[in-house]
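Laboratory data are not the source of any read-out in this text; all were calculated from the coordinates shown. Please read these numbers as outputs of a predicted model, since none were measured by experiment. Backbone-built Cβ (ideal geometry, glycine too); neighbour counts: all protein chains shown.
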Amino acid sequence: MKKIYFVGAGPGDKELITLKGYKLLCQADIVIYAGSLVNPELLDYCKEECKIYDSAVMDLMQIIEVMKNGVENDKLVVRLQTGDISLYGSIREQSEELKKLGIEYESIAGVSSFLGAAASMGIEYTVPEISQSLIITRLEGRTPVPKLEKLELFASNQTSMAIFLSVQNIDNVVDRLIEGGYPQDTPVAVVYKATWKDEKIVVGELRNIADKVKREGIKKTALILVGKFLGDEYNYSKLYDKIFKHEYRK
Ligand code: SAH
């Protein structure tokens with residue numbers, strides 16, 4: 001029996017899928033893709049007779065049923081999800097159901113949207129002596145967030161943050177970041193549809209970003225990037241410093 005392949009589709013640009021993911025898409029007999037977020041242009045890689053399902057209109061057991069029928073009939077099944085599957089990918093419930101059925105799976109890494117967004121902006125989350133950590137989080141929605149992961153608690157670190165799934169509540173995000181300790185003038189970027197052709201980048205500070213985002217009409221498919229890494233202050237790293245010697249450069 002074949003296994004199921006969970007493939008990270010990348011953030012949008014159809015060339016930002018891995019070579020491994022691309023090859024699987026080319027060979028797939030069945031593709032179940034997350035239609036609400038995955039760029040449909042990626043499906044151009046599939047062969048003509050490939051059967052394509054949009055998981056946006058399916059529930060978990062319907063998805064599992066398509067996977068089960070596929071592998072039982074020796075078909076190559078690809079589950080295509082946006083960015084990388086390890087972040088907000090609802091992967092755990094799918095893999096647990098597959099385990100119950102004794103169906104094997106393999107995951108293929110993808111380029112997450114927070115990486116696509118950074119590349120689009122040409123920025124680094126970990127600027128020396130400004131921030132050396134990145135917090136990836138979200139505001140609670142229908143999915144609750146554990147108490148110790150409240151945005152205001154994370155904000156007290158004042159490090160770099162990439163906030164998923166929250167742009168529709170930008171006012172709330174801003175209030176809680178300020179409450180947690182970020183100064184009002186902390187730089188913020190909202191990246192809508194990073195790496196897609198209709199990508200939009202809105203930059204501002206905590207005190208004015210909400211208005212700017214609303215003016216642009218951005219309500220979904222966006223990341224909120226917050227922190228001093230977006231500001232003018234920076235330091236050079238020691239890695240390429242002429243007077244700094246290390247293992248490879250004596
Ligand atoms: N697994 C995905 C995230 C899925 S959750 C990943 O690794 O990127 C869906 C959320 O991801 C969206 O609400 C949005 O916050 C973010 N997102 C996904 N694709 C995006 C893109 N191209 N640009 C900006 N944000 C994106």
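State, as an integer percentage, the relative contact order of the chain based on alpha-carbon contacts under 8 Å between residues 6 or more apart.
It rounds to 20 percent for the chain.
Can you compute the charge dipole magnitude of the stretch 19-132 about its Cα centre, using +1 on each Lys and Arg Cβ and -1 on each Asp and Glu Cβ, nothing else charged? Give it in debye, rounded to the nearest 20. Kindly include the intermediate steps, with their values, before the conclusion.
On the way: 10 positive and 18 negative charges, 28 e Å.
Roughly 140 debye for the stretch 19-132.
Go ahead and estimate [θ] at 222 nm for the chain from helices alone: -39,500 (n - 2.57) per DSSP H run with n ≥ 4, summed, over the residue count, rounded to 500.
So the helix-based figure for the chain works out to -7500 deg cm²/dmol.
Could you point to the residue in Gly83, Ile4, Cys50 farthest towards the positive end of the stretch 4-108's charge dipole, with +1 and -1 charges on the Cβ of Lys/Arg and Asp/Glu respectively?
Sorting the options by dipole projection puts first Ile4.
³J(HN,Hα) across the stretch 123-133 via Karplus (A = 6.51, B = -1.76, C = 1.60, θ = phi - 60°), whole Hz, x for Gly/Pro?
10, 10, 6, 10, 7, x, 6, 9, 7, 10, 9
Which whole-number percent gives the relative contact order of the stretch 106-250, counting Cα pairs below 8 Å spaced six or more residues apart?
Working: 229 pairs, mean separation 39.8, N = 145.
About 27 percent, as a whole number.
Can you list the lysines whose alpha carbon sits under 20 Å from that of Lys75, skipping same-chain ones fewer than 8 residues off?
Result set, ordered by chain and number: Lys2, Lys3, Lys20, Lys23, Lys47, Lys51, Lys99, Lys100.
Would you work out the charge dipole size for the stretch 123-250 about its Cα centre, treating the Cβ of every Lys and Arg as +1 and the Cβ of every Asp and Glu as -1, and quote it to the nearest 20 debye?
It works out to roughly 440 debye.
Going through the stretch 130-234, which trypsin sites (Lys or Arg not before Pro) have at most 15 other Cβ atoms within 10 Å and a DSSP loop state?
Arg142, Lys197, Arg207, Lys219, Lys220
Assign unit charges at the C-beta atoms only (+1 for Lys and Arg, -1 for Asp and Glu), then state the dipole size of the chain relative to its Cα centre in Debye, rounded to the nearest 20.
360 debye
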